[in-house]
Amino acid sequence: MIGEALAYRGHTLKPSYYPFARVPVAFKEGWVDATMTDLGKDLGKFGGFYGDPAVLYDNVFLTLKSRGLSIRTPADLEGLSVVAFSGAVNRFPAWLEPVRKAHRYTELNDQALQVKTLMLGRYDVVLSDRSIFKYFSLQLKHEGFASIPLRR
């Protein structure tokens, strides 16, 4: 879709693939002309222009139902360990910065691993897009990994 949008204005998409954390670096260094993500870092000061997002996420905090946790305010994360997608702390600093400062925050690129580690009890909370989390939960279930009720 993005390639077609660029072609409409006479541009050709030449995709380059980088590890997630290197994407903003690739833009800052001039290795690429555009990116799909900035990982929460302002690329405007490096010549970036922001348009409407190509993908919209429905990010939510998920916990094991058996834990009986309720996450309604940033204070509800106090004392809990949180795993999230790369750059989440930059997108949700009011929620995640206190957890990071308390050394109870981790970012994982592998979102299937986020689901698995929550189910294994290694983290108390996952911050993930609802559909992405559901997808990887179903994948793990198909692989025989035990399904555990979740609270959203």
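Against the numbered list (1) closer than 21 Å to Phe20 by Cα; (2) in contact with an Asp or Glu (Cβ under 7 Å, 6 or more places away or on another chain), Val126 comes up short only at (2). Considering (1) within 21 Å of Val23 (Cα to Cα); (2) loosely packed, with under 13 Cβ neighbours inside 10 Å, the lone condition that Leu108 does not fulfil carries the number (2).
Conditions (1) in a helix (DSSP H, G or I); (2) surrounded by 10 or more Cβ atoms within 10 Å (Cβ to Cβ), marked per residue:
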position: Leu6; (1), (2): yes, yes
position: Thr12; (1), (2): no, no
position: Ala21; (1), (2): yes, yes
position: Gly30; (1), (2): no, no
position: Asp42; (1), (2): no, yes
position: Lys45; (1), (2): yes, no
position: Ala54; (1), (2): no, yes
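Would you point out the residue of segment 19-35, among those that are touching a Ser or Thr at 6+ places or on another chain (Cβ under 9 Å) and not small (Gly, Ala, Ser), that is nearest to Ser86 (Cα to Cα)?
Kept after step one, since they are touching a Ser or Thr at 6+ places or on another chain (Cβ under 9 Å), are these residues of segment 19-35: 20-21, 23-24, 26-27, 31-32.
After this cut, where a residue has to be not small (Gly, Ala, Ser) as well, the list is 20, 23-24, 27, 31-32.
Values: Phe20: 7, Val23: 11, Pro24: 12, Phe27: 17, Trp31: 21, Val32: 20 Å.
The residue in question is Phe20.
This table checks each residue for (1) without any contact (Cβ under 8 Å) to a residue 12 or more places away in the chain; (2) touching a helix residue (DSSP H, G or I) at 6+ places or on another chain (Cβ under 8 Å); (3) outside the structural domain of Tyr123 (by TED's automatic domain parsing); (4) not hydroxyl-bearing (Ser, Thr, Tyr).
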position	(1), (2), (3), (4)
Ala7	yes, no, yes, yes
His11	yes, no, yes, yes
Arg22	yes, no, yes, yes
Phe27	no, yes, yes, yes
Ala54	no, yes, yes, yes
Pro74	no, yes, no, yes
Glu78	no, yes, no, yes
Val82	no, yes, no, yes
Ser86	no, yes, no, no
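Residues in segment 75-92 that are at pLDDT below 95 and either part of a loop (DSSP other than H, G, I, E, B) or more than 18 Å from the chain's Cα centre (by Cα) (or both): Phe85, Ser86, Gly87. Quick one: is Lys45 of a type in the set (D, E, K, R) and either over 30 Å from Glu143 (Cβ atoms) or more than 16 Å from the chain's Cα centre (by Cα) (or both)? So Lys45 fits the description; yes.
The values are calculated or read from the model by the stated rules, or taken from the named source; none is laboratory data. Quick caveat: nothing in here was measured; it's all calculated off a predicted structure. Quick reminder, even Gly has a Cβ in these numbers, built from the backbone with ideal geometry, and neighbours come from all protein chains shown.
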